[in-house]
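*Asks:* First, the structure itself, so that you have it in front of you.
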Amino acid sequence: MSMVIKYGGNAMTDQATRAAVAVRLGAMAADAPPVVVHGGGPFINAALDRAGLEHSFVRGLRITSPAAMEVIEQALTLLGKHLAHEIGPAVALTGRDAMLLTAAVASPELGLVGHMTGVDVRALTALRAAGLVPVVACVASDGAGGVLNVNGDEVASAVAAALGEGVLFLSNVPGVLDEPTDHGSVMSELSRADIASRIADGRIAGGMIPKVESALAALDYGAPFAVIADGRDPAGVESALSGGGTRIRP
């Protein structure tokens, strides 16, 4: 079954685990190559620190100056190359390749941060037809020669919708938790109404909010399913593919 997999940066910080997960993603290429969209928050933070650049967030989105954007694109491009190498039959791309991803500035206060406006699937389709896994970094063209930093969950949702495929969000949590402090309380599924009530009462908070919102957006745009699951353990991938994690439904 073809799908889009969002591999979160926080789930990639342990190199041995990332390599093991990558092997599993590479094995999928023999049957139905997934599209892997990757984040890279911790790697971006480290690169900005090395460059002596400050980093801050508004509503979960990174404020991105022109100087920061240059560092971010470099960090994500290099991370994509490493991940593609670990996967094996894979090719690393950014949204600027073949105008794969286009976006528009989200808000002046955020700088070079964008919201998705389009996905050109031709490069993804060609690579998959050759049995290769496209590995996509979450930077997009602004359509005028510039580049924008886009939330990886939003990119994955847009790509899934453009392909008409389900999306699997691999993160540093086992799924959406019934009780936020109990990692054994993973909800097997959640509806839109469930999500709204849990955000209102605080049981869904912080970085989980954009994940569930992106999952709902993917469904709204036409993705047949969306799952949030654990990417810190290779077994988490197997579990998610066999029904583990939290499935988001309308």
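Each reported figure results from applying straightforward, stated rules to the coordinates on display, with no laboratory input. Computed from a predicted structure; not experimentally measured. Heads up, the Cβs are rebuilt from the backbone with ideal geometry, glycines too, and the neighbour counts pull from every protein chain shown.
*Asks:* Quick one: work out the % antiparallel among DSSP beta bridges in the chain, nearest 5.
*Replies:* Of all bridge pairs located within the chain, approximately 35 percent are antiparallel.
*Asks:* What distance in nm separates the simple spin-label points at Ser185 and Ala235, each placed 7 Å from Cα in the Cβ direction?
*Replies:* My value for the distance between the label points is 2.3 nm.
*Asks:* State the Cα centre-to-centre distance between segment 201-250 and segment 61-109 in whole Å.
*Replies:* Each part reduced to its Cα centre gives a spacing of 22 Å.
*Asks:* Amide H neighbours of Phe169 under 5 Å, counting only residues 5+ apart in sequence or on other chains, H built in-plane at 1.01 Å?
*Replies:* Lys6, Val227, Ile228, Ala229
*Asks:* Using modelled amide H (1.01 Å from N, peptide plane; none on Pro or chain starts), what sits under 5 Å from the amide H of Glu189, excluding residues fewer than 5 places away?
*Replies:* Arg247
*Asks:* Show that you can apply the helix-only estimate: for the chain, add -39,500 (n - 2.57) for every DSSP H stretch of four or more residues, divide by all residues, and state [θ] at 222 nm to the nearest 500.
*Replies:* Estimated from H runs of four or more residues: -12000 deg cm²/dmol.
*Asks:* Here is a follow-up. Under 8 Å for C-alpha pairs, at least 6 residues apart: give me the relative contact order for segment 3-248, rounded to a whole percent.
*Replies:* 23 percent
*Asks:* Here's a follow-up. About its Cα centre, how strong a charge dipole does the chain have in debye, to the nearest 20, once Lys and Arg get +1 and Asp and Glu get -1 at the Cβ?
*Replies:* 300 debye
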